[in-house]
Amino acid sequence: MRILENWDVTSLYPSAIEIFGYTSRNQKNKDAYTDLLHMRKKAKKGLLSAEFLEPMNLTNADLNMGLKLPLNTYSGALRAMFNKLYDPLQGFSICTTGQCLILQLIHDLQQVPTLEMVSANTDAVMYTIEEEYKEQAHEVLKDWQVTTKLELEEDKIVKIIMRDVNNYAEIVETKDKDGDVTYEVHYKGGELTRGDHKFKWNKEKKTFEYTFKDSLKSNSMSIVSEALLKFLLFDIPIRDTIEKCDDIFRFQIISHLGSTYEKMVQESSNGDIEIQKNNRIYAGKKPSGTIVKVKSDGRRDSLANCPPNPIVDNANQCTIDDVNKEWYIEFAEEKANDFLGVKRLENYKK
């Protein structure tokens, strides 16, 4: 039987900084970074004492979350010219060392019979393998950890749909604080991160409960991301998700005019109608003109993802009855086919 395995390097960049001494040569206390790293590791396991935490009015969980950002952004600070930690040699060394070590792991794994790499990036490898050779692959993983002093953690993937290394949706088996088996949904990629979509495992009902909230990053066509995630992970038809939704703001297409353009206009039989530089647009049912971006030299470019018969509704006057849900369904189905490897008609024509 063929199985899928995914292994993540535990905190690759922070670990490389500690193991190989890649801290900034500009900082006075060379151990400051590793001291913080060790503190977070203890906080993650709940090992920091109440005596240590009480003066700061913090918990282990607070420190675990609070230290994550400064530790992970440290390598970026080493390559930021105006940062006091600026040390490009150390910053470059972190990246190249991590890449070389992962390449070595990929090379060693590919010597195992039947093993086929699915994906790899700077901190993880995913492969399929016949079960009889699984232990041989695990020996390679153990040897690599001993040699590099880095640690690997296995993600038990129940299901994954991947377009590429930066666009995927997956269900992962994990354990809760009581040690019971639970499940988490992870996703990444522009088409899936429109809005904030949460899937929480209900242990009693043995099902995922879905909730949505607005995202500070992107709320453009959030209904499309919901429909894609539910289809890819749970086989819920895209049409069902979109047709059931009557929140008009889940269908909004938010457009921003870049600085290289002079204005945005909507074409009409009476000529161009200039609209705002930032607009809320919907796919409409009634005929209307195309929206285009215009440069100072008169060049006209189409607006990305602009639907036919677009409605510009910056005053929030539209209702859900004005929205052409069929366009969103077709758009989402097209994106789903990209994940499933179904070629578009234009590719066949080529």
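The values are calculated or read from the model by the stated rules, or taken from the named source; none is laboratory data. The structure presented is a predicted model; accordingly, all values stated were derived computationally and were not measured. Positions of Cβ are backbone-derived with ideal geometry, glycine not excepted, and every protein chain shown enters the neighbour counts. Protein only, heavy atoms only, side chains kept; ligands, DNA and RNA dropped before computing areas. Shrake-Rupley method; radii C 1.70, N 1.55, O 1.52, S 1.80 Å.
Might you report the magnitude of the Cβ-based charge dipole of the chain about its Cα centre, with Lys and Arg at +1 and Asp and Glu at -1, to the nearest 20 debye?
Numbers: 48 positive and 55 negative charges, 212 e Å.
Charge dipole, the chain, about its Cα centre: 1020 debye, nearest 20.
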All aspartates and glutamates inside 17 Å of residue 295 as judged from Cα atoms, apart from same-chain residues fewer than 8 positions distant: 262, 267, 272, 274
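Assuming 0.36 nm per residue, please report the length gained on full extension of the stretch residue 215 to residue 104 beyond their Cα-Cα distance.
Details: separation 111, 0.36 × 111 = 39.96 nm, distance 3.86 nm.
Gain on stretching residue 215 to residue 104: 36.1 nm.
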With DNA, RNA and ligands ignored, accessible area of residue 157 (1.4 Å probe; Å², nearest 10): 30 Å²
Heavy-atom accessible area order for 181, 323, largest first, 1.4 Å probe: 181, 323
Structure-derived Kirkwood radius over Cα pairs in Å - corresponding label in (1) 21.4; (2) 22.6; (3) 24.3: (3)
Area accessible to solvent at residue 318, 1.4 Å probe radius, in Å²: 30 Å²
Nearest-10 value in Å² for the accessible area of residue 293, using the 1.4 Å probe: 40 Å²
Amide proton proximity set for residue 290, modelled H, under 5 Å, gap of 5+: 267
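Would you list 199, 52 from the most to the least accessible area, probe 1.4 Å? Mind dumping the intermediate values first?
Numbers: 199 25, 52 85 Å².
Sorted descending by solvent-accessible area, the residues read 52, 199.
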Anisotropy class of the stretch 1-72 from Cα gyration tensor, a/c 1.5 cut: oblate
At most 15 other Cβ within 10 Å, DSSP loop - trypsin sites (Lys or Arg not before Pro), the stretch 57-139: 84
Charge-dipole axis of the chain as Lys and Arg at +1 and Asp and Glu at -1 on Cβ define it, positive-most pick from 43, 329, 248: 248
Per-residue ³J(HN,Hα) for the stretch 173-181, Karplus 6.51 cos²θ - 1.76 cosθ + 1.60, θ = phi - 60°, Hz, x for Gly and Pro: 7, 9, 10, 8, 5, 8, x, 7, 5
Inter-probe distance in nm under a simple model that places probes 7 Å from Cα toward Cβ, at residue 235 and residue 274: 5.5 nm
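Give 156/200; 30/84; 198/335; 156/188; 134/188 a once-over and call out the pairs whose C-alpha atoms are over 23 Å from each other. Walk me through the numbers on the way to the answer.
Numbers: 156/200 17 Å; 30/84 14 Å; 198/335 20 Å; 156/188 17 Å; 134/188 28 Å.
Going by Cα-Cα distance, 134/188 fall outside the 23 Å limit.
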Crossing angle, helix 222-234 versus the chain [Cα axis fit, 0-90 degrees, rounded to tens]: 50 degrees
Accessible heavy-atom area order of 186, 107, 197, 138, highest first, probe of 1.4 Å: 107, 186, 138, 197
Built amide H within the under 5 Å cut-off of residue 159, gap 5+: 171
Cross-link partners of residue 213 among aspartates and glutamates (Cα-Cα below 14 Å; sequence separation of 8 or more within a chain): 196, 226, 247
Shape of the stretch 225-299, Cα gyration tensor, a/c cut at 1.5: prolate
Rounded, prolate or oblate (a/c below 1.5 giving rounded, otherwise prolate when a/b exceeds b/c) for the stretch 144-204 by Cα gyration tensor: oblate
Backbone HN-Hα couplings from phi across the stretch 43-53 [Karplus 6.51/-1.76/1.60, Hz, Gly and Pro as x]: 4, 4, 8, x, 9, 6, 6, 5, 4, 6, 7
For residue 80, distant residues with modelled amide H under 5 Å away: 87
Value of [θ]222 nm, deg cm²/dmol, for the chain, DSSP H segments ≥ 4, -39500 (n - 2.57) each, nearest 500: -11000 deg cm²/dmol
Karplus (6.51, -1.76, 1.60) ³J(HN,Hα), θ = phi - 60°, over the stretch 284-294, in Hz, Gly and Pro reported as x: x, 9, 8, x, 8, x, 5, 9, 10, 9, 10
In nm, spacing of pseudo-spin labels at residue 302 and residue 133 (7 Å Cα→C-beta vector): 4.6 nm
